[in-house]
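The values are calculated or read from the model by the stated rules, or taken from the named source; none is laboratory data. In this text, all values refer to a predicted model and were calculated from it rather than measured experimentally. Note that we place each Cβ from the backbone using ideal geometry, even for glycine, and neighbour counts take in every protein chain shown.
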Amino acid sequence: MTGTTTDLAVDVRGLRKSYGDQQVLDGVDLAVRAGTVTALLGPNGAGKTTVVGILSTLLALDGGTARVAGHDVVTQPGAVRAAIGVTGQTSAVDDLLTGVENLRLMASLHHLGRREGRERVDALLAQLGLTDAARKPVATWSGGMRRKLDLAMTLVGSPSVVFLDEPTTGLDPRSRRTLRDEVRALSAAGTTILLTTQYLEEADQLADRVAVLDGGRIVAEGTPAELKSAHGASSLDDVFLRLTEPSTGPTADPDPTTQEVA
Amino acid sequence: MTTLTLTPTAHARPVTDTLTMLRRNLLRAARYPGLTSFTLAIPVLLLLLFVFVFGGTIGAGVMPGVDPGADGRAAYLDYITPTILLFAVVGAAQSVAITAAMDATGGIMARFKTMAISPGSVLGGPVLGTVVQALVAVAVVLGLAVALGYRPGAGPLGWLALTGLLALVTFAFSWLCVAMGLSARSVETASNTPMILTALPFLSSGFVPVETMPAGVRWFAEHQPFTPIIETTRSLLTGASPDVSTTLQAVGWCVLVGAVGYARSRSLYRRERR
């Protein structure tokens, strides 16, 4: 990483976290330069969601330091919250309200003026193709549309750092494409993005850099091209299979052939 | 475990944010009237049951010199209306436990936690929404009682004081119910825990005078929040000036319950959920 500390939108050093006697993160180091897209890969149960939870001030850390947008997540959580936008895996929308009402709620909480708020909401609805359904209760929406609304709600406050925890999991190809286009547009506008994903070709397409989390540590980090050439692999799939042990995740693939490759 | 401290930022505006959250909760109540109607059904049924089924006999026992039957029912309607108003208040407070649990078990509370908003605003919105709902429920139940022949004797100041008291009771018990809702593992448990609050008015001076109870039950009835709250409500409704010591006890209980509920809610809000 060539950037100095001030260029870093996310600066994580020696991050440790355990749940009871289960050590989930065991010294994670991660640096994300401002304005770039970083994909965090790892088998199920590797702790990707825990990393995002700590960076978004939802979870306490046990050791190490984590700074987001220049602020320490432990001592300056308020400043961190003011800078970030988070889309987690659990749907964070109000089912009883309509799409417009959900977005206007966010606009009010970000203290946008009435007119500014309405313009921002209308722009986001159009951008994500939600305008037609906008006035129906979210409970009647499809999973893909709810996911898009979730992202739109995250973006109302124009956050400088955005965390996306498996943003495209379970979506149809069209919705997945809309969300990927949105990530590219955000990145082009200078937003820093840290996303976790199970789709390795997604990381390959979207991310400037990729970090592989396994056994509570970052086991590889670099551009997609660097990782592929360093491991003599033709795809990130191969890199992923070589780096991650099948036994680390509770739902990891028990196929013995992958163990031989590793 | 490290505790996350909340540093206020220039971005959080507690009053504006609380009003925004209040608007959200009133909108939700309007969209989902089922919960509100259900909490209203209980006091309405209790009033009808206790007046038309039990009232003829109990009324004669509660009011010396009153004959059983129609006179007893009329006397018991007078005696029991203040108590039933408190059931409307408690019912509304219980519904906020469900609201809090729904928000906490879904993802939306996690979203609020990652935003620069204070816990007081996120949880205070539903609490204020409950106060509005409770006062509406009280008006409906009181209207029914008047239709059945109840005649309150309160003057303008008395009505104002009564509104203030019932708003305070709702506010205090709502914070307690928010804490119960946040500590519940599921929405189902959240609707069960506050049920103990429904038991309290039965074990008070609300249905019969405490003097007729055995010593242990009487001691409990005299030392629990609902007896002074109901007695103060009763005085205000009849237009009598309430006993100072009883009123202070009622307000004191509200302050205590509200403070404990608020402190517990705040700490539960920042608790890690997995």
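Given the conditions (1) assigned to a helix (DSSP H, G or I); (2) surrounded by fewer than 22 Cβ atoms within 10 Å (Cβ to Cβ), report the number of the one that B:Gly91 does not fulfil.
The number of the failed condition is (2).
Given the conditions (1) touching a residue at least 24 places away in the same chain (Cβ under 8 Å); (2) over 17 Å from A:Gly88 (Cα atoms), report the number of the one that A:Ala189 does not fulfil.
The single condition A:Ala189 does not satisfy is (1).
What number goes with the only condition from (1) in contact with a Lys or Arg (Cβ under 9 Å, 6 or more places away or on another chain); (2) touching a residue at least 40 places away in the same chain (Cβ under 8 Å) that A:Ala207 does not pass?
(1)
Would a scan of the stretch B:16-36 turn up a residue that is within 14 Å of chain A (Cβ to nearest Cβ), at pLDDT below 95 and not in a helix (DSSP H, G or I)?
yes
Quickly run through the stretch B:26-73 and pick out the residues that are among the small types (Gly, Ala, Ser) and more than 26 Å from the chain's Cα centre (by Cα).
Answer for the stretch B:26-73, where residues must be among the small types (Gly, Ala, Ser) and more than 26 Å from the chain's Cα centre (by Cα): B:Gly56, B:Ala60, B:Gly61, B:Gly65, B:Gly69, B:Ala70, B:Gly72.
Working only within the stretch B:213-252, note down all residues that are aromatic (Phe, Trp, Tyr) and either part of a loop (DSSP other than H, G, I, E, B) or surrounded by 21 or more Cβ atoms within 10 Å (Cβ to Cβ) (or both). Give the steps one after another, and end with the answer.
Step one: filter the stretch B:213-252 for residues aromatic (Phe, Trp, Tyr), giving B:219-220, B:226.
Passing the criteria: only B:Phe226.
Take the conditions outside any helix (DSSP H, G or I) and either surrounded by fewer than 24 Cβ atoms within 10 Å (Cβ to Cβ) or out of contact with any Cys (no Cβ under 9 Å at 6 or more places or on another chain) (or both) and apply them to B:Gly181. Does it pass? Step through it out loud before you land on a result.
On the way: outside any helix (DSSP H, G or I): no; either surrounded by fewer than 24 Cβ atoms within 10 Å (Cβ to Cβ) or out of contact with any Cys (no Cβ under 9 Å at 6 or more places or on another chain) (or both): yes.
Against the criterion (outside any helix (DSSP H, G or I) and either surrounded by fewer than 24 Cβ atoms within 10 Å (Cβ to Cβ) or out of contact with any Cys (no Cβ under 9 Å at 6 or more places or on another chain) (or both)), B:Gly181 does not qualify.
Scan (1) more than 30 Å from A:Val86 (Cα to Cα); (2) assigned to a loop (DSSP other than H, G, I, E, B); (3) of a type outside the set (S, T, N, Q) for the single condition B:Ala116 breaks and write down its number.
(1)
When only residues in the stretch A:213-250 that are loosely packed, with under 14 Cβ neighbours inside 10 Å and within 27 Å of A:Gly63 (Cα to Cα) count, which is modelled with the lowest pLDDT?
Looking at residues that are loosely packed, with under 14 Cβ neighbours inside 10 Å and within 27 Å of A:Gly63 (Cα to Cα), I get A:Pro250.
For residues in the stretch A:16-53 being within 12 Å of chain B (Cβ to nearest Cβ) and aliphatic (A, V, I, L, M), which is farthest from A:Leu236 (Cα to Cα)?
Per the stated criteria, the residue is A:Val24.
When the residues of the stretch B:126-136 are narrowed to those that are surrounded by fewer than 23 Cβ atoms within 10 Å (Cβ to Cβ) and in contact (Cβ under 8 Å) with a residue 24 or more places away in the chain, which ends up farthest from the other protein chains (Cβ to nearest Cβ)? Spell out how you get there, then give the answer.
Restricting attention to the stretch B:126-136, the residues satisfying the condition of being surrounded by fewer than 23 Cβ atoms within 10 Å (Cβ to Cβ) are B:128, B:131-132, B:135-136.
Next, only the ones that are in contact (Cβ under 8 Å) with a residue 24 or more places away in the chain stay: B:128, B:131-132, B:135.
Details: B:Leu128: 15, B:Val131: 20, B:Val132: 17, B:Leu135: 22 Å.
The qualifying residue farthest from the other protein chains (Cβ to nearest Cβ) is B:Leu135.
For A:Arg104, only one of the following conditions fails: (1) modelled with pLDDT under 95; (2) assigned to a helix (DSSP H, G or I). What is its number?
(1)
Residues that are assigned to a loop (DSSP other than H, G, I, E, B), more than 14 Å from chain B (Cβ to nearest Cβ) and of a type in the set (Val, Ile, Thr): does the stretch A:59-82 have at least one? Walk me through how you get there before you give the answer.
Just the residues of the stretch A:59-82 that are assigned to a loop (DSSP other than H, G, I, E, B), to begin with: A:59-62, A:69-70, A:73-76.
The next check asks that each one be more than 14 Å from chain B (Cβ to nearest Cβ); those that pass are none.
No, the conditions are met nowhere in the stretch A:59-82.
I need a count of the residues in the stretch A:83-108 that are facing chain B (nearest Cβ under 7 Å), under 22 Å from the mean Cα position of the chain (by Cα) and closer than 13 Å to A:Gly157 by Cα.
Qualifying residue count for the region: 2.
When you look at A:Thr87, is it surrounded by fewer than 22 Cβ atoms within 10 Å (Cβ to Cβ) and of a type in the set (S, T, N, Q), yes or no? Write out each step before concluding.
Numbers: surrounded by fewer than 22 Cβ atoms within 10 Å (Cβ to Cβ): no; of a type in the set (S, T, N, Q): yes.
It is false that A:Thr87 is surrounded by fewer than 22 Cβ atoms within 10 Å (Cβ to Cβ) and of a type in the set (S, T, N, Q).
Of the conditions (1) under 28 Å from A:Ala203 (Cβ atoms); (2) in contact with a helix residue (DSSP H, G or I) (Cβ under 7 Å, 6 or more places away or on another chain); (3) outside any helix (DSSP H, G or I); (4) more than 10 Å from every other protein chain (Cβ to nearest Cβ), A:Arg135 fails just one. Which one is it?
All conditions pass for A:Arg135, except number (1).
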